[in-house]
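Colleague: What follows is a single structure, and I will ask about it in a moment.
A short reminder: the numbers here are calculations on the coordinates, not readings from a lab. Just so we're clear, the structure is a prediction, and the values are computed from it rather than from any experiment. Counting neighbours? That spans all protein chains shown, and the Cβs are built from the backbone with ideal geometry, glycine included.
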Amino acid sequence: MINLVFIGLSFFAITGGIAMLVYKNPMYAALGLLVSILSVAGLFALLNATFLFMVQIIVYAGAIMTLILFILMFLNIKEEALPKEPKKYTLIAIGAAIMIPFNVVILKAVSNLPNADMLIVEGDFGDIKPIGKLLYNDWILAFELISILLLIALVGSIVLAKRKKINKEDS
């Protein structure tokens, strides 16, 4: 049963990636990205990696996709405003042809791996609690420095936005 779910999620991830390349409308391409992101989150869930699953859903499918869709709706890009791409499918085919040898090498390397027990790991593997303990005990300085860096970036973007607004009012 798990193999069927894996095949289904993999199919949707690949289909979402192809949709990003093929669709001309940016909104449909963004929805293809969303399908791909959600499928990868499902693959993380199959691996019993709950932290990566939650990050994939909350950060990528939630925040990033909302931002991308909001920007696309805000820009209101018309079909006639999009650039012409006469060689699009040719370039996609060339890219796929270039990637086939790499995929063959990876498949050969994976098939040569020794047989191991592939059962799902039980216990606290992939849980959030060990990651939190490690982050707040061993990496607290780096965590706080990144927090300060993000705060500085937020304040800087607000200052730049206000500066542009004041300059427009003066003009």
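Colleague: For the chain, modelled as a GNM with alpha-carbon contacts under 10 angstrom, which of 149, 21, 46 fluctuates the most?
Modeller: 149
Colleague: Report the residue, chosen from 94, 152, 68, that carries the largest GNM mean-square fluctuation when the chain is represented by alpha-carbon nodes joined by springs under 10 Å.
Modeller: Highest fluctuation of the listed residues: 152.
Colleague: Identify which of 51, 70, 102 has the largest mean-square fluctuation in a Gaussian network model of the chain, with springs joining Cα atoms closer than 10 Å.
Modeller: Fluctuation is largest for 102.
Colleague: Still on this structure: How large is the charge dipole for the chain, taken about the Cα centre, if only the Cβ atoms of Lys, Arg (+1) and Asp, Glu (-1) carry charge, to the nearest 20 debye?
Modeller: 780
Colleague: Another question about this same structure. Take each uninterrupted DSSP H stretch in the chain, measure its Cα extent along the helix axis, and return the ones at 20 Å or beyond whose mean Kyte-Doolittle hydropathy is at least -0.5.
Modeller: 2-22, 26-46, 88-111, 140-170
Colleague: Which of the trypsin sites (Lys or Arg not before Pro) found in the range 1-105 are in a DSSP loop and have at most 15 neighbouring Cβ atoms, other than their own, within 10 Å?
Modeller: Here the sparse-neighbourhood loop sites are 24, 78, 84, 87.
Colleague: Continuing with the same structure: Over the chain, what is the relative contact order in whole percent, taking alpha-carbon pairs under 8 Å and six or more residues apart?
Modeller: 18
Colleague: If you don't mind, there's one more thing I want to ask. Full-extension gain between residue 128 and residue 158, please, as 0.36 nm times their residue separation minus the C-alpha to C-alpha distance.
Modeller: 7.5 nm
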